[in-house]
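I have placed the structure first, in the form of C-alpha cells, so that the comments after it can refer back to it.
The values are calculated or read from the model by the stated rules, or taken from the named source; none is laboratory data. Because the structure is predicted, anything quoted here is derived from the model rather than measured. Neighbour counts are summed over all protein chains in view; Cβ atoms, including those assigned to glycine, are modelled from backbone coordinates with ideal geometry.
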Amino acid sequence: MKDNHLFFACIDLANRPVLVVGGGPVAFEKIEGLLTSRATIRVVAPEICPEVRSLVDAGTVTWDEKTYEAEDLDEAFLVIAATGDTEVSRSVRAGAEERSMLVNVADVKELCNFILPAVHRNGPIAVAVSTGGASPALAQRLRSEIGALVDDSYARLAGLLASLRPWAKERLATYEDRKAFFDDIVKGPVDPVALIRTGDEDGVTELISNAKCRAL
C-alpha cells in the first residue's frame, strides 16, 4: 500500500457487521474506535481481555469463543485483525481479499488495504490525522494538537450550518448557489467562529440573514 496513494473517506458503519479477530488490549483499542460508529461488532478469539469481556457482558459486542476461520468473514462488511499472530493476520488478509473486503491488520501496514487514522471528535466534527502508517504515535500527537484548535465554537457552527441545509435546498436551485451561500457565511469578512466564541448570538443571526439576502 503506497502512502501517497491513500484515498480518504468517511464510512458509515452504523448497524453494519464488523468482525474483530483477536481479544486482547489492541483489539479492545480498535473496538473502542468502532463503537463511536455504532457498528455491530463481533469478536472472534479463543480468549479475551477483561476490557473486552466487560463489553461482552454489557451486550455491547458479541463474542465467539473460538479460533479464527475464513468463514467468519462471510457476513462481515469489514474486518480488523488484532492478534499479533502473523499466520492468523495473513490468513485474515487473504480471506478478506478473496471477498473484496476492507481489512486492517494492527501494526502490519503491508497487510492492510485501509488504515485507521487518529481521530478527534467534537459534536458533528471529526478531524482525522494519518501518517500513512509510518508512526501512530506521531498521528496521535498531531490529533491532540489539532484537536486543541477545534473547540466547541466549531461544533456549534457546524450545527447551525446543518440547520440551514433545508432552507438552502429549498430556495437555492443549484449546487453552485448553495456552495456560494455557505462559503459566504464561513469564509466571509465576518468570522462566525469569533462571534460564537464571544457569545454574540445576535451577530451570528445577522450574519446568516445577510447571507440569505445576498443568495436570493
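Being of a type outside the set (D, E, K, R), touching a helix residue (DSSP H, G or I) at 6+ places or on another chain (Cβ under 8 Å) and assigned by TED's automatic domain parsing to the domain that holds residue 107 is the requirement here; does residue 26 meet it?
Details: of a type outside the set (D, E, K, R): yes; touching a helix residue (DSSP H, G or I) at 6+ places or on another chain (Cβ under 8 Å): no; assigned by TED's automatic domain parsing to the domain that holds residue 107: yes.
Considered against the rule, which asks whether it is of a type outside the set (D, E, K, R), touching a helix residue (DSSP H, G or I) at 6+ places or on another chain (Cβ under 8 Å) and assigned by TED's automatic domain parsing to the domain that holds residue 107, residue 26 comes out as no.
Just a yes or no: is a residue in the range 203-212 exposed (fewer than 14 other Cβ atoms within 10 Å of the Cβ) and of a type in the set (A, V, I, L, M, F, W, C)? Walk me through how you get there before you give the answer.
If we filter the range 203-212 for residues that are exposed (fewer than 14 other Cβ atoms within 10 Å of the Cβ), which is where we start, we get 205-206, 209.
When the remaining residues are screened for being of a type in the set (A, V, I, L, M, F, W, C), the result is none.
Checked the range 203-212: no residue is exposed (fewer than 14 other Cβ atoms within 10 Å of the Cβ) and of a type in the set (A, V, I, L, M, F, W, C).
Here's the yes/no breakdown for (1) part of a loop (DSSP other than H, G, I, E, B); (2) hydroxyl-bearing (Ser, Thr, Tyr); (3) touching a Cys at 6+ places or on another chain (Cβ under 7 Å); (4) outside the structural domain of residue 209 (by TED's automatic domain parsing):
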| position | (1), (2), (3), (4) |
| --- | --- |
| 110 | no, no, no, yes |
| 134 | yes, no, no, yes |
| 139 | no, no, no, yes |
| 144 | no, yes, no, yes |
| 156 | no, no, no, no |
| 159 | no, no, no, no |
| 164 | no, no, no, no |
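Pick out, from the range 1-89, the strands (runs of 3 or more DSSP E) lying fully within it that include 1 or more residues that are within 17 Å of the chain's Cα centre (by Cα). Please lay out each step first, then the result.
Numbers: elements: 17-21, 40-45, 62-65, 78-81.
Output list reads 17-21, 40-45, 78-81.
Hey, among the residues in the range 191-216 that are hydroxyl-bearing (Ser, Thr, Tyr) and part of a helix (DSSP H, G or I), which one's farthest from residue 174 (Cα to Cα)?
205
Just for the range 162-179: of the residues that are among the aliphatic types (A, V, I, L, M) and buried (at least 16 other Cβ atoms within 10 Å of the Cβ), which one is nearest to residue 201 (Cα to Cα)?
In the first step, residues of the range 162-179 are kept if they are among the aliphatic types (A, V, I, L, M); the result is 162, 164, 168, 172-173.
Imposing the further condition that a residue be buried (at least 16 other Cβ atoms within 10 Å of the Cβ) reduces the set to 164, 168, 172.
Details: 164: 16, 168: 21, 172: 25 Å.
My answer is 164.
Only one of 81, 118, 139, 76 is within 19 Å of residue 26 (Cβ to Cβ), free of Cβ contacts under 8 Å to residues at least 24 places away in the same chain, surrounded by 13 or more Cβ atoms within 10 Å (Cβ to Cβ) and not hydroxyl-bearing (Ser, Thr, Tyr); which?
On the way: 81 fails: free of Cβ contacts under 8 Å to residues at least 24 places away in the same chain; 118 fails: free of Cβ contacts under 8 Å to residues at least 24 places away in the same chain; 76 fails: free of Cβ contacts under 8 Å to residues at least 24 places away in the same chain.
After ruling out the rest, the residue left standing is 139.
Are any of the residues in the range 198-215 within 26 Å of residue 129 (Cβ to Cβ) and free of Cβ contacts under 8 Å to residues at least 60 places away in the same chain? Write out each step before concluding.
At the first step, the residues of the range 198-215 found to be within 26 Å of residue 129 (Cβ to Cβ) are none.
For the range 198-215, residues within 26 Å of residue 129 (Cβ to Cβ) and free of Cβ contacts under 8 Å to residues at least 60 places away in the same chain: absent.
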